[in-house]
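No value in this document is a laboratory result; all are computed from the given coordinates. A quick note: this is a predicted structure, and the numbers were derived from the prediction, not measured. Glycine gets a Cβ as well: all are built from the backbone with ideal geometry, and neighbour counts include every protein chain shown.
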Amino acid sequence: MESWHGTTILGVKVGGRTVIAGDGQVSLGNTVIKPNAKKVRRLGKDGSVIGGFAGATADAFTLFERLEKKLEASRGQLLRAAVELAKDWRTDKYLRNLEAMMIVADAEVMLILTGNGDVLEPEGNDGNAIAAIGSGGNYALAAAKALADYEPDPEKLARRAMAIAAEVCVFTNDRLTVEEVGA
């Protein structure tokens with residue numbers, strides 16, 4: 001059975017600004033099924049949280065909906081909402097079978113959420129951080145880390161790193177969706 005591939009999500013946090021960028025490619029085996037999927041979006045009632053997903057689309061939308069409910073219950077506190085979602089994801093029989101990962105961020109924190117119940121805050125210097133997920137995530141992560149000392153603008157950094165990932169990963173394209181929170 002062929003599997004779905006084709007997601008690169010990159011989060012870059014620099015100087016109080018956080019950007020999440022995602023490519024638009026969805027592939028089935030060696031065929032591009034959709035070149036312009038939107039894998040990054042604003043969450044919450046006020047749009048103060050951004051998120052990008054890698055994995056099965058229906059599973060990711062289920063998780064985004066659950067995260068929005070947790071955000072509402074925690075009065076917009078992303079870290080608390082993410083921990084509560086991770087608990088459910090790990091223990092709920094239905095959610096446990098969802099195949100997706102997410103990078104989510106608000107003005108203060110950027111997190112990676114996994115189906116294993118992980119809530120990871122990427123390591124960074126001086127409050128800056130870089131995180132990536134998906135089939136092209138390692139390419140984007142390496143490019144962003146290499147560019148980080150030379151590009152202070154997180155959006156420019158994310159766009160350039162994603163362009164590099166698209167050049168070397170056949171499951172990544174250059175049709176980006178980019179969202180930003182912070183200063």
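So, in segment 150-171, exactly how many residues are part of a loop (DSSP other than H, G, I, E, B), acidic (D, E) and in contact (Cβ under 8 Å) with a residue 60 or more places away in the chain? Of the residues in segment 150-171, 1 are part of a loop (DSSP other than H, G, I, E, B), acidic (D, E) and in contact (Cβ under 8 Å) with a residue 60 or more places away in the chain. When only residues in segment 37-56 that are touching a helix residue (DSSP H, G or I) at 6+ places or on another chain (Cβ under 6 Å) and buried (at least 23 other Cβ atoms within 10 Å of the Cβ) count, which is nearest to R159 (Cα to Cα)? Among those that are touching a helix residue (DSSP H, G or I) at 6+ places or on another chain (Cβ under 6 Å) and buried (at least 23 other Cβ atoms within 10 Å of the Cβ), it is F53.
For segment 36-92, residues that are of a type in the set (D, E) and either touching a residue at least 24 places away in the same chain (Cβ under 8 Å) or closer than 23 Å to F171 by Cα (or both) total 4. Kindly check whether there is at least one residue in segment 34-42 that is more than 21 Å from G11 (Cα to Cα), of a type in the set (A, V, I, L, M, F, W, C) and not in a helix (DSSP H, G or I). For segment 34-42, residues more than 21 Å from G11 (Cα to Cα), of a type in the set (A, V, I, L, M, F, W, C) and not in a helix (DSSP H, G or I): absent.
Restricting segment 57-73 to residues that are within 16 Å of K38 (Cα to Cα) and small (G, A, S) leaves a set whose member that is surrounded by the fewest Cβ atoms within 10 Å (Cβ to Cβ) is A58. Under the condition of being surrounded by 18 or more Cβ atoms within 10 Å (Cβ to Cβ), among the charged types (D, E, K, R) and over 20 Å from S48 (Cα atoms), the residues counted in segment 161-183 number 0.
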